[in-house]
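Below is one structure, written out as structure tokens; comments come after it.
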């Protein structure tokens, strides 16, 4: 069966590295990264003469949801040509919205595909250190206003998405240390390769 894998978590949990490694290890996979759309988003800020701030009301109202819509549309299109689409994107708000997830599952069923969510579990302080290390302009506001920012982020696992009768609907990838990463990569690849 075809599948769409969403690798999700708050920023700086390690989604990109994990997603790329998973994509390298899986067969017949199309890898998509929502960050690829950032140049388009930056242009919208420029044209609107707004400061580049992905935590702003302007971003929330005019850009955020469209980035998700576009990356999913690219994923649906890719499912017409290959078996697995792996999307690297936070989806943090969407993971808490059962109606959204149910609608996504229904749409995927029309493509003969199922939804697999890989939630990256990382300690918030480890995320902060990673943001500082990666030194990206998308994190400047978050680092400068860390205490305020971290209160707005839900690091908890969206357990409500885990159906007890489905083995691979919600997979947890622990990533606060190298040892956790190695074990999780092995375990999750094993589950995904059982298909």
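General remarks:
- Cβ separations smaller than 6 Å between residues 6+ apart or across chains give the following pairs from segment 26-42 residues that are on the phi < 0 side of the Ramachandran plot and free of Cβ contacts under 8 Å to residues at least 60 places away in the same chain to residues that are surrounded by 18 or more Cβ atoms within 10 Å (Cβ to Cβ) and assigned to a loop (DSSP other than H, G, I, E, B): 34/89; 41/63.
- Qualifying residues in segment 42-77 (those that are out of contact with any strand residue (DSSP E or B) (no Cβ under 7 Å at 6 or more places or on another chain), modelled with pLDDT of 95 or more and buried (at least 18 other Cβ atoms within 10 Å of the Cβ)) - the one farthest from residue 139 (Cα to Cα): 72
- Residues that are in contact (Cβ under 8 Å) with a residue 24 or more places away in the chain, under 19 Å from residue 85 (Cα atoms), in contact with a helix residue (DSSP H, G or I) (Cβ under 8 Å, 6 or more places away or on another chain) and buried (at least 17 other Cβ atoms within 10 Å of the Cβ) occur at least once in segment 173-184.
- Set side by side, the residues 139, 168 differ, and just one is at pLDDT below 90, under 17 Å from residue 53 (Cα atoms) and either surrounded by 12 or more Cβ atoms within 10 Å (Cβ to Cβ) or out of contact with any helix residue (DSSP H, G or I) (no Cβ under 9 Å at 6 or more places or on another chain) (or both), which is 139.
- Subset of segment 78-100 (residues that are in contact with a helix residue (DSSP H, G or I) (Cβ under 6 Å, 6 or more places away or on another chain) and surrounded by 15 or more Cβ atoms within 10 Å (Cβ to Cβ)): 85, 86, 87, 88, 89, 94
- So residue 189, is it outside any helix (DSSP H, G or I) and either within 18 Å of the chain's Cα centre (by Cα) or in contact (Cβ under 8 Å) with a residue 12 or more places away in the chain (or both): no
- Test: residue in segment 112-128 that is closer than 24 Å to residue 1 by Cα, surrounded by fewer than 17 Cβ atoms within 10 Å (Cβ to Cβ) and over 15 Å from the mean Cα position of the chain (by Cα): yes
The values are calculated or read from the model by the stated rules, or taken from the named source; none is laboratory data. Predicted model only: the values in this text are computed from it and were never measured. Glycine also receives a Cβ, built like all others from the backbone with ideal geometry; neighbour counts cover every protein chain displayed.
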